[in-house]
Amino acid sequence: MGKPGKRQNKRQRLCTRFSNGDIILDRCDASTFQRAMALRGPSQSQLCGIGRCKPCTRLSLDPVAETLADPNSYGFRSARSAADAIEACFIALCQNDRAQWVLEGDIRSCFDRISHEWLLTHIPMEQAILKKWLKAGYIERRCLHATEEGTPQGGIISPVIANMTLDGLEQLLSSHFPKKGRNGGKAKVNLIRYADDFCITGASKELLEQEVKPLVEQFLRERGLELSTEKTVVTHIEQGFDFLGQTIRKYRRGKRTKFFITPSKKSVKVFLRKIRKRIKESGDLTASELIGELNPMIRGWALYHRQVVSKDIFHAADHAIFQALWRWARRRHRHKPRRWIKERYFPDKGPNRWVFTGVFKTEKGKTRVIHLLAASSIRIERHTKVKAPANPYDPAWEEYFEKRLDVRMNARLKGRRWLRHLWKEQNGLCPICNQRITKITGWHSHHILWRSKGGSDGVENRVLLHPTCHQQVHSQKLHVEKPRPVTRALRKA
Ligand SMILES: [Zn+2]
Ligand SMILES: [Zn+2]
């Protein structure tokens, strides 16, 4: 870590603490980053794939970033998602005594304007490496671009660095507008941030425009950033605003109000445009190949919006996709009657009528049928927000995250299948007390290597325990062995 001495500020001290503990800060040279740069388009789109690859520096920086992070920052952090950010908006705005005004913040091209100087003095990372990395440039479409001011575009750690650059804003706001105290939180100022996208709630328009906005601008200026004047606006909640692809709005009818979060018009439009483009450019793909391409797109979009009021919009999207496919089929068979097309491509599937269907042959020569996924078949499911201060690298939060995972697994069919697999694997017995785990005793799933120490969520790292045995394991820091099924051991011998 950074040399101890003059430069060692609070962030750097924390880092040393980590490097003495479980997480070792790796050394990495600039060329590794160059190789790892995402080869994607500029700005927004490249943010999508970042979670997938984790070079060592991101891994080593992440625990520090998590510890210093703003509690209500949700983008590019382990164990948090956009759904958590939306849920935080819901909590801050839903009730009638909550804030009614929102400042939508938009930072002008955040990632390529961060000041190098500020980063070098404030990011707890080996200075030489960071410097090399900042100067390394990035490779996009096989061209090396030198970086003069911002962090390399599409760099894997750049969201982490962007997060770290903007951390502290929430504390700054809460020190000016305390939730408790003399004014009793009358200002109702809350910051909800997803990477560089954020909104701030407030009690009045004047407060947000005249007091909050200058504070934010000052904060950003220190870091070489600025707000975009045309996109940063203050809106009333009854007008509604878009945040992370969803529209958050309160509807008033007489004295009664209703709070709705729906997929935003823009998000629906972009999604449908992508689908139509794919269909149009499908060339001579067969129906089954086309379905193979469309289904992941539909599933991804619907899963993103499953936490909000989406059912009607899902139905409308399905209808629009149907129309595009109908046109596709008509174009393919110009001289066939409609009835023939309907029977060939849109047969009825049980209670669902007009389901786009393709037929293909497997490698073994068997005929298989594949159906288009309907967005409306994705179940709407409420999301429970992660607790704002929760930190997945802190052992104190271990049980909290385990419980969260259990709830999620129980709610989904795939999760329940996993649980059954785990239960069978240990013959239905708890490895701590050797008693049976039943519906009445209940169960918790425990990570053999703790998550906070880098353990995975996979089946091979999990074991089912009684709730009380689980408590014992955590309070006494017991080690749990995965029970080996007897039959398999015998077979080997
Ligand atoms: Zn037990
Ligand atoms: Zn546990």
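Overview of values
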| quantity | calculated |
| --- | --- |
| Extension reserve of the LEU478-CYS94 stretch, reckoned as 0.36 nm per residue once the Cα distance is removed | 133.9 nm |
| Over segment 381-439: Kirkwood hydrodynamic radius from C-alpha pairwise inverse distances, Å | 13.4 Å |
| In Å, descending, principal axis extents of the Cα set of segment 242-309 | 57, 19, 18 |
| Residue exposure sequence - CYS433, CYS469 - by fewest surrounding Cβ within 10 Å | CYS433, CYS469 |
| Simple spin-label estimate for GLU238 and TRP354 in nanometres, 7 Å along Cα-Cβ | 3.9 nm |
| Environment charge of TYR74, counting only residues whose C-beta is closer than 11 Å and scoring Lys/Arg +1, Asp/Glu -1 | 0 |
| Length added when fully stretched, ARG256-ASP457, from 0.36 nm per residue minus Cα-Cα | 67.9 nm |
| Fewest-first sequence of TYR304, TYR74 by Cβ atoms within 10 Å of each Cβ | TYR304, TYR74 |
| Point-to-point label distance, ASP394-GLU211, nm (Cα→Cβ direction, 7 Å offset) | 2.9 nm |
| Neighbour-count order for ASP196, ASP312, fewest beta carbons within 10 angstrom listed first | ASP312, ASP196 |
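Computed from the coordinates by the stated procedures, all read-outs in this text should not be read as laboratory data. Remember, it's a predicted structure, so these values are computed and weren't measured experimentally. Cβ sites come from the backbone with ideal geometry, for glycine too, and all protein chains shown count toward neighbours.
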